[in-house]
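Working notes, beginning with the structure itself.
The values are calculated or read from the model by the stated rules, or taken from the named source; none is laboratory data. Bear in mind the structure is a predicted one, so any value in this text is a computation, not a measurement. Ideal geometry is used to build each Cβ from the backbone, glycine not excepted, and the neighbour counts take in all protein chains shown. Surface accessibility is based on the protein's heavy atoms, side chains included, excluding ligands, DNA and RNA. Shrake-Rupley method; radii C 1.70, N 1.55, O 1.52, S 1.80 Å.
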Amino acid sequence: MRRRLNPVEHWPLVVAEAVWLLFAVNFNRGFVWGGDAQVPFTFLRRLFGANVHAVGYQFGLAFFEAPWFAIGKLAAAFGVHTVRTHPTTEAAAALGAIAYVGLSVALVYVLLRRLRLRHAGLAAGLTLFGTPLFFYGTFSPAQTHAVDTFLSTVLVVLVLSGFRRDWPISLCVAAGAVSGAAASVRWFDAALGIGQIGRAHV
């Protein structure tokens, strides 16, 4: 019989996510800050029809920001043009960074639970606030770090599942797709895919 999900059992994760959300709501910049963030964001604006000069540097980030940008465009269509004096589309992209960080924390929690490690919720929270991720998710939300961390964490979960299930073709394809997406967000993440290929030939 399949075990029913007990929300009370996962209260440490709920606490970690609540602390993150409270922190982010209070300190998130709410706009695209920094030259590195502007490049993929300009590419994103070009995708939505803006007459701007765009280059493909770390272009993958734009596709992960696109759903949030679309929400910002929709809000602007209904008359909400700014949030805290910044364009709604930029505020929406910043909101996306908050979401990707939150998803990363949840995935770390799942990973630690699968490894049967104690205090998974506390460890997941410390993973966030003990690394620079909280900084990039709040004070520089439109850079690659939030999405990069999310994709890397997804890949670790897939790889763990792959080794435990003797790598069915579905997990091979999924891991390859995530590796490719991660490399498009941050070129250095190509090393993640190379590492998988190297391990497969050992």
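Computed from Cα atoms, the angle from the helix 88-114 axis to the main principal axis of the chain rounds to 10 degrees. Here the accessible area is traced with a 1.4 Å probe on the protein chains. For segment 24-94, carbon and sulfur cover 63 percent of it.
Radius of gyration (Cα atoms) of segment 77-202, expressed as a multiple of 2.2 N^0.38 Å: 1.22. Positive-end ranking of Ala146, Gly34, Leu107 along the dipole of the chain, with charges on Cβ about the Cα centre, is headed by Leu107. Against the chain, whose longest principal axis is taken from its Cα atoms, helix 35-47 shows a tilt of about 80°.
By how many degrees, 0 to 90 and rounded to 10, does the Cα axis of helix 60-77 deviate from the longest principal axis of the chain? Around 50 degrees separate the two axes. In the P(r) worked out for segment 1-132, what percent of Cα pairs fall beyond 24 Å? In whole percent, the long-distance tail amounts to 43. Kirkwood radius for segment 97-158, taken over all pairs of different Cα atoms as the inverse mean of 1/r, rounds to 11.5 Å.
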